[in-house]
1. Rounded, prolate or oblate: which fits the range 203-252, taking a ≥ b ≥ c as square roots of the Cα gyration tensor eigenvalues, rounded meaning a/c under 1.5, else prolate when a/b beats b/c?
2. Shape call for the chain from the C-alpha gyration tensor, a ≥ b ≥ c root eigenvalues: rounded (a/c under 1.5), prolate (a/b greater than b/c) or oblate?
3. Size of the dipole of the chain about the Cα centre, Lys and Arg at +1 and Asp and Glu at -1 on the beta carbon, nothing else charged, in debye to 20?
4. Which GluC sites (Glu not before Pro) from the range 1-45 combine a DSSP loop assignment with at most 16 other Cβ atoms within 10 Å?
5. May I ask you to list the trypsin sites (Lys or Arg not before Pro) in the range 203-239 that are in a DSSP loop and have at most 12 other Cβ atoms within 10 Å of their Cβ?
6. Starting with the highest mean, order 92-105, 53-66 by the number of other Cβ atoms within 10 Å, averaged over the residues of each peptide.
Amino acid sequence: MVKKLKQHVYRLSHEIGDRSMAKYDKLNEAAEYITGTFSSFGYEVKFQEYEAKGKTAKNIIVSKIGKKHPEEIIVIGAHYDSYSNPGADDNASAVAGLLELAEFIFDKDADRTIKFIAFTNEEPPFFKTEKMGSFVYARDARTRGENIKAALILESIGYYTDRPFSQRYFPVMRFFHPNRGNYIGIVGNPPSGDLARRIVSLFKEGSRFPVELFVLPSFVPGIDFSDNWSFWKEGYPAVMITDTAFYRNPHYHRKSDTYRTLNYENTAEVVKGIAAVLVELAQSERRGRAPILM
């Protein structure tokens, strides 16, 4: 997995590079790579297209249809655009994880449907607007009455360091969490708190990699700085899975956010933990015990 994660990140951030509506050909090149990779696993790829600044934007969607409760949906997503930079951690690392998870799940049994979605237009100037790809999806899902039981958003999952005091926090939080940026964070708002706590528990069953739980109100800077915001706006339970981005990574939104700065061994451990989460969330009953999602 380590080698494939690096290959995906290298392709998206180094060979393709800056990808956005302002670099439309590069954004489409990234979309073609993601589409081709999903297809190579055996998925039927669908697109959710919409207009943004006079151009066609598109979310890329593949589904593992549930056998018992196909109407109950688990979404796992990551945005594939970048912000005027190579975007290795933000967010090629997460797209790489999304692709590896999709391949892993393809031949697994699932009671619920799992949707893997590569979202577009997460970055400014579309962030927290009606043209943000995840908001287009979440709003349309709510209109259709889509029964999304959980949305897992992968946001910058590749940067780790053992350097003391490398991890920064919103004031006060530093007293309750490690000062080294060597863990993955599970972030939820209060309505998604139960989901976040379940995910932490399930993650620990699948990986020994350090994990920290953050259940905080949206006024804390960064808590809603990704596609989880879109699902919260539409009343869906959602969490962000992240290395904490600008609270840790000095290359955030800079030209230096390159594939060379990431730790692919740690990223692979994070993906293994998320795989365990997905397998369990997709089941309507958990090993003879009570359902893990209501």
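Values in this text are rule-based calculations from the coordinates and carry no lab data. Being a predicted model, the structure only gives us computed values, none of them experimental. Every residue, glycine among them, receives a Cβ derived from its backbone with ideal geometry; neighbour counts consider all protein chains shown.
1. Details: a/c = 2.14, a/b = 1.20, b/c = 1.78.
Here the range 203-252 falls in the oblate category.
2. It is rounded, given that a/c, with a ≥ b ≥ c, falls under 1.5.
3. Values: 40 positive and 37 negative charges, 96 e Å.
Once rounded to the nearest 20, the dipole reads 460 debye.
4. On the way: sites: GLU15, GLU29, GLU32, GLU44; in loops: GLU44.
In loop regions of the range 1-45 (DSSP not H, G, I, E or B), the sparsely surrounded GluC sites (Glu not before Pro) are GLU44.
5. Those satisfying the criteria are ARG208.
6. 92-105, 53-66
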